[in-house]
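J.: Next up is a structure, given as C-alpha cells.
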Amino acid sequence: MFVITSMPVGGAETLLVNLMQRMNRDCMIPEVACLKEAGPLGEEIAKDFKVHSNLLSSKYDLRILPRLVHLMTTRQVDVVITVGAGDKMFWGRLAAKIAGVPVIAAALHSTGWPDGVGKLNRVLTRITDAFIAVADSHGEFLRDFEKFPADKINVIRNGIDCDRFVPSDEARQNLRAELGLTRDESIVGIVAALRPEKNHAMFLRSAAAVLKRCPDTHFVVVGDGPERAGMETLIGLLGIRDRVHLLGTRHDVPQLVAAMDVFALPSLNEASPVSILEALSCGVPVVATEVGSIAETVLDGVTGHLVASEDENAMTEAMVRLLKHPENAKAMGQKGREMVQATGSLDAMVRGYESLAVEIYDSKVPTVQGSRQSLAKEQG
C-alpha cells in the first residue's frame, strides 16, 4: 500500500502510477491510500487498482490513525510505502506499525520546503525499515541534512517509459494545430503541478522577456493547482495573455512534451524531477534551476542549461540561446534521450522497489519465501 496525500497530475504521482502498472502481480498487488481526494490520476487508475481516499477530514483529524490502521489490517497489507513527506509520511508509518505491517518504508521526492521531513517524522525513524532516495546526491541529502541512518537509505533512481516518451513530428504538428499556431512558431513548455515551489511566476516573467527577443514563441503550461488564479493575474499584468496557454490537467502528456522545442523548470527545490526525464526522453532540451539532483540529468551545455535558483535573467538567456540555435537545441535533446535510455529506465526503477520490499519482507518473515522466488523467476 502506497500512502499519499492525493493524486493530481504531478511528477511523483505519475511516477507512482507507472511503478504500479509495471509491478509483477505474481509478487505484489499494489494499492493506494489517499489521505484526501483521489485526484485525477487516482480516479484514472481506480479501474485497475484499489484506491482508498478521503481518509482525512482536516489537518488535525486524529481519527485518521484508526482509519488507516483498520484499512491496513482489513486489506492484510504486507508493505507500506509513504510517498513524500508531511502528514502521509507520519500517519502512514505510525499506522503501519500499529497494524503490524512487516515492511515500512518512506519514499521521498524533494529536498526541503514544502516537503521538509520535520521533527515529528524523524521520531519514527526507528520503526522505518528504509528511506528511498531518487538520486545519489539526494541520498547524501537524506543522510547529511535529514540525519537518517546511512544503512537505511536506498537510492532507487526515477525511471520513465522511454517507449511512451519519444520524439514525434506528428505531436509537434498536432499541438500547433490545437493552439492555432503555424509550423514555424516555437513552443517552450513546463509540466508541473501549479504549486508555489515550482515557481511558475519565474517561468512567466522569463516568458515575457523572451518574447521581446523571440516574438514567434508561445508558452505552454501543463498542470493544475492552487497557483492558477495568481498565474492568470500575472499573465495579464505582463501583457502576454495571447502567448501563454494554460492547458490544465491533461492525459496526453507524452504528446504535449514531444511537441515542445524547449522544456523549462524553474523550481525552488526538487530531488530528481520526472518531468525532466520525460522531456529529455522526447529529445527536448531542458532549462532548469540547479537545485536538488537536477544537475545529474541536466548536464549544462550537453542536455540543456542549468541556471541558479531564482535567476530569472539567466533562465531567459538560456531559453533564447536554445530558441535562436535550433540545431544545437536538437543535438542536446538527442544527447538527453540517449542518457535517459541508458540510466533512467522504468523497468530498473520497478525492480529496485520490488527487490527492496522483498528483501526486507523475507528478512522479517523468513518462513515465507514465495515472494522472493516469484520475483527471481520473473526477473530471470
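The values are calculated or read from the model by the stated rules, or taken from the named source; none is laboratory data. As the structure is a prediction and not an experimental result, all values here were calculated from the model. Positions of Cβ are backbone-derived with ideal geometry, glycine not excepted, and every protein chain shown enters the neighbour counts. The area values use the complete protein model at the heavy-atom level, side chains included, leaving out ligands, DNA and RNA. Shrake-Rupley method; radii C 1.70, N 1.55, O 1.52, S 1.80 Å.
J.: Can you tell me the mean projection area, over all orientations, of the convex hull of region 1-56's alpha carbons? Units nm², please.
T.: The directionally averaged projection comes out at 3.3 nm².
J.: So how far, in whole Å, is the C-alpha centre of region 286-351 from the one of region 186-215?
T.: Between the Cα centres of region 286-351 and region 186-215 lies a distance of 16 Å.
J.: Using the Kirkwood radius over C-alpha pairs as Rh, can you work out the diffusion coefficient of region 229-283 via Stokes-Einstein at 20 °C, viscosity 1.002 mPa s, in µm² per second?
T.: The estimated diffusion coefficient comes to 162 µm²/s.
J.: Take every Cα-Cα distance within region 321-368, group them into 10 Å bins from 0 onward, and report for each bin the whole-number percent of pairs it holds.
T.: In order of increasing distance, the bins hold 22, 24, 20, 16, 11, 7, 1 percent.
J.: Considering all alpha-carbon pairs of the chain, what whole percent are spaced by more than 39 angstrom?
T.: Looking at the chain, the distances longer than 39 Å represent 17 percent of pairs.
J.: Over the chain, with a Gaussian network built from C-alpha contacts below 10 Å, which listed residue (366, 226, 30) shows the highest mean-square fluctuation?
T.: Among 366, 226, 30, the largest GNM mean-square fluctuation belongs to 366.
J.: Computed FRET efficiency, Cβ-Cβ of residue 26 and residue 61, R0 35 Å: what is it to the nearest 0.05?
T.: 0.40
J.: Right, next: Kindly provide the pair-distance distribution of region 279-322 built from C-alpha pairs, with 10 Å bins from 0 and whole-percent values in order of increasing distance.
T.: Here the calculated profile for region 279-322 is 31, 58, 11.
J.: List the equivalent ellipsoid semi-axes of region 9-114 in whole Å, largest first, each obtained as the square root of 5λ for an eigenvalue λ of the Cα gyration tensor.
T.: Calculated on Cα positions only, the semi-axes equal 19, 18, 14 Å.
J.: Something else: Return the single residue from 38, 348, 258 with maximal mean-square fluctuation; model: Gaussian network over the chain, springs between Cα atoms under 10 Å.
T.: 348
J.: Run through every distinct alpha carbon pair of region 106-229 and return the Kirkwood hydrodynamic radius in angstroms, one decimal place.
T.: Its Kirkwood hydrodynamic radius stands at 18.0 Å.
J.: For region 75-171, count the residues as N, evaluate 2.2 N^0.38 Å, and divide the Cα radius of gyration by that value, please.
T.: Here the answer is 1.25, to two decimals.
J.: Given a Förster distance of 35 angstrom, what is the FRET efficiency for residue 338 paired with residue 313, based on the Cβ-Cβ distance and rounded to 0.05?
T.: For R0 = 35 Å, the calculated efficiency reads 0.70.
J.: Tell me the label-point distance for the pair residue 136, residue 251, using the 7 Å Cα-to-Cβ offset, in nm and rounded to one decimal.
T.: Going from the residue 136 label point to the residue 251 one covers 4.0 nm.
J.: Further question on the same structure: Could you report the accessible area of residue 34 in Å², rounded to 10, computed with a 1.4 Å probe on the protein chains as they sit in the structure?
T.: Estimated to the nearest 10 Å², residue 34 gives 0 Å².
J.: Same structure, new question: Per DSSP helix of 4 or more residues, -39500 (n - 2.57); summed, then divided by the residues of the chain. What does that give at 222 nm, rounded to the nearest 500?
T.: -13000 deg cm²/dmol
J.: Rounded to two decimals, what is the ratio between the C-alpha radius of gyration of region 212-326 and 2.2 N^0.38 Å?
T.: Rg over 2.2 N^0.38 Å, computed on Cα atoms: 1.04.
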